[in-house]
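Take a look at the structure below.
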Amino acid sequence: MKPIIGIVSRPMKNESARDVLATYKKVSDVIIEFGGLPIMIIPPILNNYNDELNEESKKELEYILKLCDGIILQGGDDFYKYDEFIAKYAYNNNIPTLGICLGMQLMSYIFNGKMGHVDNHLSNELYVHNNQILKETKLYNIFNNDNILVNSRHKDYIISTDLKVNSISSDGIIEGVEDSNKDFYIGVQWHPESMTSYDKNSCLIFKNFIKASLKHQNGN
């Protein structure tokens, strides 16, 4: 059976200014491409998404998360209390987790992360800057390369975090974090889901994430 990958939904406004919960098609497409079954994780919250979860909501969200073999914390503009709960639950239960852009910032934040603002990392170019990949990290083991090119579409960044830094941009911005003791708990600041058609390193991220999720599904 293909591993079930939960994508944490994002509150948005559609073109009619109606409230929607969404996942990015690029993210669900790449999960399908590399052998996973994507599902949308909808928080059991009716009104303010930044409210603290009550015990009933936590239990309901835990029930949903237990269905997942892997979790993607996708990009977006803001993260909420339910995002924090999901990221912590995945960490504590060793559910393979990939954080993308905002998702990486969220992972860093819940481990005493401090955030700042940056103006020169927002671009639509296919490749924007170089990243150094630090050795003795899971990300280095995935790429087997200490320097890669990435895209860049973010205006906030992580100044510091208790997670292990695995990637730094050519201008000194933290671009990746992980817990090396987990099977797969990795966040990247760039958008590998937009790069799989032309970048082998982006493919390697998702291949290894799906592999870890399949391992989790089989209880190994």
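Here are some conditions: (1) modelled with pLDDT of 95 or more; (2) farther than 26 Å from Gly6 by Cβ; (3) not basic (Lys, Arg). Asp119 meets all but one. Which one does it not meet?
(1)
Please state which of the following conditions Lys135 fails to meet, knowing it meets all the rest: (1) closer than 24 Å to Asp77 by Cβ; (2) modelled with pLDDT of 95 or more.
The number of the failed condition is (1).
Which of the residues that make up segment 15-63 are of a type in the set (A, V, I, L, M, F, W, C) and under 24 Å from Leu214 (Cα atoms)?
Val27, Val30, Ile31, Ile32, Phe34, Leu37, Ile39, Met40, Ile41, Ile42, Leu61
Scan segment 120-137 and report the pairs whose first residue is among the hydroxyl-bearing types (Ser, Thr, Tyr) and whose second residue is surrounded by fewer than 17 Cβ atoms within 10 Å (Cβ to Cβ), with Cβ atoms within less than 8 Å and a gap of 6+ or a chain change.
As it stands, the answer is Ser123/Arg153; Tyr127/Leu149; Thr137/Ser180, since those pairs meet every condition given.
Just the residues that are closer than 22 Å to Asp78 by Cα and surrounded by fewer than 23 Cβ atoms within 10 Å (Cβ to Cβ), please, taken from segment 175-191.
His191 - this is the single residue of segment 175-191 that is closer than 22 Å to Asp78 by Cα and surrounded by fewer than 23 Cβ atoms within 10 Å (Cβ to Cβ).
If the Cβ limit is 9 Å and pairs must be 6+ apart or interchain, which residue in segment 1-18 that is at negative phi and polar (S, T, N, Q) pairs with which residue that is assigned to a loop (DSSP other than H, G, I, E, B) and buried (at least 16 other Cβ atoms within 10 Å of the Cβ)?
Pairs found: Ser9/Thr23; Ser9/Pro43; Ser9/Gln74.
Out of segment 144-154, which residues are within 24 Å of Asn181 (Cα to Cα) and either among the acidic types (Asp, Glu) or outside any loop (DSSP other than H, G, I, E, B) (or both)?
If the condition is that a residue be within 24 Å of Asn181 (Cα to Cα) and either among the acidic types (Asp, Glu) or outside any loop (DSSP other than H, G, I, E, B) (or both), then Asp146, Asn147, Ile148 are the ones that fit.
Could you list, in sequence order, the residues of segment 125-137 that are within 19 Å of Glu193 (Cα to Cα) and either assigned to a strand (DSSP E or B) or not hydrophobic (A, V, I, L, M, F, W, C) (or both)? Please lay out each step first, then the result.
Taking segment 125-137 as the starting set, the residues that turn out to be within 19 Å of Glu193 (Cα to Cα) are 125-131, 133.
Listed by number, the residues that qualify are Glu125, Tyr127, His129, Asn130, Asn131, Ile133.
Find all pairs meeting these conditions: Cβ atoms under 8 angstrom apart; at least six residues apart or on different chains; first residue within segment 156-174 and of a type in the set (D, E, K, R) and surrounded by fewer than 17 Cβ atoms within 10 Å (Cβ to Cβ); second residue at pLDDT below 95 and not in a loop (DSSP other than H, G, I, E, B).
Close Cβ pairs satisfying both conditions: Asp156/Met115; Asp156/Gly116; Asp156/His117; Asp171/His129.
Condition (residue is surrounded by 18 or more Cβ atoms within 10 Å (Cβ to Cβ), part of a loop (DSSP other than H, G, I, E, B) and in contact (Cβ under 8 Å) with a residue 24 or more places away in the chain) applied to segment 200-220: is it met by at least one residue?
No; the residues of segment 200-220 include none that is surrounded by 18 or more Cβ atoms within 10 Å (Cβ to Cβ), part of a loop (DSSP other than H, G, I, E, B) and in contact (Cβ under 8 Å) with a residue 24 or more places away in the chain.
Say we look at segment 155-170 and pick out the residues that are outside any strand (DSSP E or B) and not basic (Lys, Arg); which of these is modelled with the lowest pLDDT? Write out each step before concluding.
Keep residues of segment 155-170 that are outside any strand (DSSP E or B), which gives 155, 161-163, 170.
Narrowing the set further to residues that are not basic (Lys, Arg) leaves 161-163, 170.
On the way: Thr161: 98, Asp162: 98, Leu163: 98, Ser170: 92.
Taking the candidates together, the pick is Ser170.
Filter segment 67-112 down to the residues that are among the aromatic types (Phe, Trp, Tyr) and in contact with a helix residue (DSSP H, G or I) (Cβ under 6 Å, 6 or more places away or on another chain), then identify the one that is modelled with the lowest pLDDT.
Here the answer is Phe79.
The values are calculated or read from the model by the stated rules, or taken from the named source; none is laboratory data. The structure presented is a predicted model; accordingly, all values stated were derived computationally and were not measured. So basically every Cβ, Gly included, is an ideal-geometry build from the backbone, and we count neighbours across all protein chains shown.
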